Amino acid sequence: MYTPTEAAELLSVKETWLRRKAGTRSIPCTFIGRHLRFSATDLRTIVENGTQPVRARRGRPRKVN
C-alpha cells in the first residue's frame, strides 16, 4: 500500500490532485480508518483510465502570428 505522497510521486501528479480525486471517489483508493492508501492495482487503474480525449478549446480562437 502506498501513501498519497508515494503514489503521487509514482504517478507524476500533485499530491493535492490525488487527494482531491480520492476524496470525491473519482479514482480507486482505499481508506484504512482515516488513512488514505493506494494499492498497486489502484495505481494501474488510475493510469489506464487517465487517458482522456482532447477537448476543443472554448472561447475566441487565438491569433496566430
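Every read-out reported here was derived from the displayed coordinates using simple, explicitly stated rules and does not represent laboratory data. Keep in mind that what you see is a predicted model, and the values were worked out from it rather than measured. Positions of Cβ are generated from backbone atoms using ideal geometry, with glycine treated the same way; all protein chains shown enter the neighbour counts.
General observations
- In sequence order, calculated HN-Hα J values of the stretch 31-44 (Karplus, 6.51, -1.76, 1.60; Hz; x Gly/Pro): 9, 9, x, 9, 8, 7, 9, 10, 8, 4, 5, 4, 5, 4
- Backbone amide hydrogens, once placed in the peptide plane, bring Y2 within less than 5 Å of F38, S39, excluding anything fewer than 5 places away on its chain.
- Summing +1 for each Lys or Arg and -1 for each Asp or Glu among the other residues whose beta-carbon sits under 14 angstrom from that of I27 gives +4.
- Order by protection proxy (mean Cβ within 10 Å, highest first), peptides 18-26, 2-10: 2-10, 18-26
- Net +/- balance of residues flanking Y2 in space, Cβ distance below 14 Å, scoring K and R +1, D and E -1: -1
- Converting phi to 3J(HN,Hα) with the Karplus coefficients 6.51, -1.76 and 1.60 and the offset θ = phi - 60°, the stretch 2-18 yields 10, 6, x, 5, 5, 5, 4, 5, 5, 8, 6, 10, 6, 4, 5, 5, 4 Hz in sequence order, with x at every glycine or proline.
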